[in-house]
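**Student:** I'd like to ask some things about the structure below.
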Amino acid sequence: MASDDEGYGYSDEDDEEGLGSDEDGLLEEAPPEPEHRADRWAITRKSLSTAQQQDLSMVMNLVSLEPHNARALLMHHRWKIDRVHDFLERRGREGLLKEAGIVVPQEDNNSTKVSHKRPRISTCHVCFEDVSRLSEVSTMDCGHCFCNDCWTEHFLASLDSGRKHIHCMEVKCQAICDDATVRRLLGRKYPAAAQRFDRFVLESYLENNASVKWCPSAPHCGRAIRVDAGERYCEVECPCGVSFCFNCAAPAHSPVPCSLWDQWDAKFRGESENLKWIAVHTKSCPGCQKPIEKNGGCNHVSCPCGQHLCYACGGKLDSSHNCNRYDEKRAASHDAIRRQMLRYTHYCDRFNVHLNSRKAEQGALWASVQERIVQLESSTTIRASLRQSSWLAQARGILLASRLVLARSYAFAYYMFGDEVRTFPSERANLAMAKELFENQQAQLETNAERLSKALAAEVPAPAPAPALAEADVLRTMKETVNLSSIVERHSREMYNCIQDELLPLLVDAMSIAPYRLDGPDKAKELPA
C-alpha cells in the first residue's frame with residue numbers, strides 16, 4: 001500500500017489517474033464514474049393514492065385481477081412486485097393466487113370471467129330473514145350471497161377488529177370482499193366507517209410495504225419515503241431535510257451496520273460524558289463489578305449489592321483482609337475492567353474529535369472558504385478560467401463526508417475488534433489481516449483529511465503586481481486542493497469496501513451497510529399527487 005507521501009501533492013502521474021489539464025494547462029478534475037442512483041420518492045397524504053395505484057395497476061395488468069385482489073396479493077408479498085413476478089414465473093397464476101389465499105371467479109376457455117348469477121334466495125342464511133328483492137342482496141367473487149344488512153354489519157365488525165382483509169362471511173371461505181361493495185354498503189348506514197375503510201385501504205400501502213417507511217422527523221413532516229424493492233440497506237434524505245437509514249430508521253450511520261450502531265448510540269449517549277470521571281474517581285465492587293464512589297472519610301465501603309470492600313485497595317473486607325500486600329490476581333481482575341473502560345475511551349475520544357472537527361468545518365471553515373470564493377471571483381489580475389471556484393465547495397463537501405466516515409469508523413472498530421461480535425473461528429487469521437488493512441486505511445484517510453482541512457483553511461495569496469505570479473499561486477493551490485480531495489474521497493470509498501467486503505463476511509451474524517455515496521444520502525423527490 002502506498003504511503004501518504006506518495007499520494008500527496010500533484011504530479012504527472014495524477015493526470016494519468018484521473019486529473020487532467022485543459023488547453024491552458026489548468027487543472028481539471030476528471031468526471032467521477034457514474035453511480036447507480038435509483039429514484040427515491042417522498043409520499044404525502046395527497047400523493048398516497050397515486051403511489052398505491054402505480055403498484056396496483058402493474059399487478060392488475062400482470063395477473064389480471066380486480067383492485068381488491070391485487071391489493072391483497074401485494075400486501076401478502078409486502079408490496080414487493082419483484083416477488084410477485086418471481087412467484088408467477090415459478091408457480092403460475094393459479095399457484096400464485098392459491099399461495100396468497102386469494103379466490104377469484106373461474107374463467108372459461110376464452111379467459112373471460114364467468115359472472116356469478118344472484119341466486120333466487122328468499123331467506124338470508126345468516127340472519128334467516130326473508131329477502132323480497134334481489135337488490136337487497138350482494139354476491140362476492142366466490143359466489144356466496146347474503147343480505148345487504150348482514151354484509152354491512154360484517155364489514156363494520158371486520159373493520160373494527162383491524163383485519164387486513166375483509167373476507168366472505170361463508171364458513172371457511174377465504175374470498176376477499178370487493179372494495180366497491182364494502183364502500184357502497186358501509187356508506188349507506190355508516191358513512192364514517194366507509195371513510196375509515198378508505199383510509200385503511202390507503203394506509204395499508206404504508207404499513208405493510210417493505211419498500212416504504214415513514215420519515216422519522218420530529219415533529220413528523222407527514223411524508224413517507226419509497227425506495228426500490230430490494231434496496232433495504234440505503235440511506236435517504238427526506239425533502240424536509242432529515243437523513244436516515246432506511247433499514248432501521250435511525251439517523252444515517254453508514255459505514256456502521258445497524259445493530260452495531262444501535263449499541264454504540266445507546267452506549268455513547270449513556271457513558272461518554274462520565275467515562276473519564278468514573279475511571280479516576282471510583283473503584284469496582286469485587287462482587288458485582290459496578291463502580292463505587294466513596295462519600296465519606298472511612299475506607300470501609302458497602303455496595304448496594306451487599307458487598308463490603310476496602311476503598312484503598314478495592315478488595316473484599318473479611319477477617320483475613322490486609323491491603324498492604326500487593327495481590328497480583330486481584331489487580332489483574334480489576335485491571336481488566338479498567339482496560340475495557342480505557343479501550344472504550346480511546347474509540348469514543350476519536351469519534352468525538354472528528355465530529356467536533358466537522359462541526360468547526362461546517363461553520364468557521366465555510367466562512368473562510370466563502371471569503372476565498374469571493375476573492376477569486378472578483379479578482380481582475382487572473383484569467384477568467386481561474387476565477388471559477390467550484391473546486392473549493394466540492395473539496396469542503398468531500399472533507400465533511402470524510403469526517404463522518406472517520407468518526408463512524410471508530411464506532412465500528414470498537415465492536416468489530418473487541419469481544420462484542422462473533423467471528424467464525426476459522427477466520428481468526430483473516431480477521432487480524434483485515435484489521436491491519438482497515439487501520440492502515442483509517443490512518444491514511446485521517447492524515448489526508450487533516451491535510452485537506454489545512455489546505456482549505458489557508459488563505460489564497462493576494463494577487464501580486466505581476467499577474468503571472470498570482471496565477472501560479474492560485475493554480476498551485478487549486479492543484480493541491482483538488483488532488484487532496486481526490487485522495488480523501490478514494491480512501492473513504494476504500495474504507496467502505498474494506499468493511500463490506502473484508503470484515504463483515506467474517507461475522508457469524510450476517511450484517512450489511514449502505515453503499516458509499518460521495519454526496520451523502522440519496523435525496524427523495526416529492527411524488528406528484
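**Student:** Order 449-457, 488-496 from most to least packed using the mean count of other Cβ atoms within 10 Å.
**Tutor:** Values: 449-457: 18.8, 488-496: 21.2.
For the peptides 449-457, 488-496, the packing ranking is 488-496, 449-457.
**Student:** Then there's this: Go ahead and run the numbers for FRET between Gln362 and Ala218, Cβ-Cβ distance against an R0 of 25 Å, rounding to 0.05. Before the final figure, lay out the partial values.
**Tutor:** Details: r = 22 Å, r/R0 = 0.88.
Efficiency, rounded to the nearest 0.05: 0.70.
**Student:** Which entries of Lys359/Lys523; Lys359/Lys454; Lys213/Lys523; Lys46/Lys189; Lys164/Lys525 have Cα-Cα distances beyond 19 Å here? Walk me through the intermediate numbers first.
**Tutor:** Working: Lys359/Lys523 22 Å; Lys359/Lys454 15 Å; Lys213/Lys523 15 Å; Lys46/Lys189 27 Å; Lys164/Lys525 29 Å.
Too far apart for the 19 Å limit: Lys359/Lys523; Lys46/Lys189; Lys164/Lys525.
**Student:** May I ask you to sort Arg184, Arg428 by Cβ crowding, counting other Cβ atoms within 10 Å and putting the fewest first? Intermediate values should be presented prior to the final figure.
**Tutor:** On the way: Arg184 15, Arg428 10.
Lowest count first: Arg428, Arg184.
**Student:** Starting from one equal scatterer on each C-alpha and no solvent at all, send me the Debye-based log10 I(q)/I(0) for the stretch 134-207 at q = 0.20, 0.26, 0.27 Å⁻¹, two decimals.
**Tutor:** With one equal scatterer per Cα and no solvent, log10 I(q)/I(0) is -0.82, -1.33, -1.41.
**Student:** Using the 10 angstrom Cβ neighbour count as an exposure proxy, how do Lys164, Lys283, Lys525, Lys267 rank, fewest first? Don't skip to the answer; put the middle values down first.
**Tutor:** Values: Lys164 14, Lys283 21, Lys525 11, Lys267 17.
Result, fewest neighbours first: Lys525, Lys164, Lys267, Lys283.
**Student:** Right, next: Using a Förster distance of 25 Å, how high is the FRET efficiency between Arg184 and Arg78, based on the Cβ-Cβ distance and rounded to 0.05?
**Tutor:** Values: r = 29 Å, r/R0 = 1.16.
Computed FRET efficiency for Arg184 and Arg78: 0.30.
**Student:** Within a 10 angstrom radius of the beta carbon, how do Glu471, Glu371 rank from fewest other beta carbons to most?
**Tutor:** Numbers: Glu471 20, Glu371 12.
Taking fewest neighbouring Cβ atoms as first place, the list is Glu371, Glu471.
**Student:** Assuming R0 = 51 Å, what is the FRET efficiency of Ser132 and Leu518, from their Cβ-Cβ distance, to the nearest 0.05? Don't skip to the answer; put the middle values down first.
**Tutor:** Working: r = 73 Å, r/R0 = 1.43.
Efficiency computed from Cβ-Cβ geometry: 0.10.
**Student:** On to the next question. Measure off 7 Å from each Cα along the Cα-to-Cβ vector at Cys305 and Ser49, then give the distance between these two points in nanometres to one decimal.
**Tutor:** It is 6.3 nm.
The numbers here are math on the coordinates, done by the rules we state, and not lab data. Quantities reported herein were computed from a predicted structural model and do not represent experimental measurements. With ideal geometry, Cβ positions are generated from the backbone for all residues, glycine too; neighbour counts draw on all protein chains shown.
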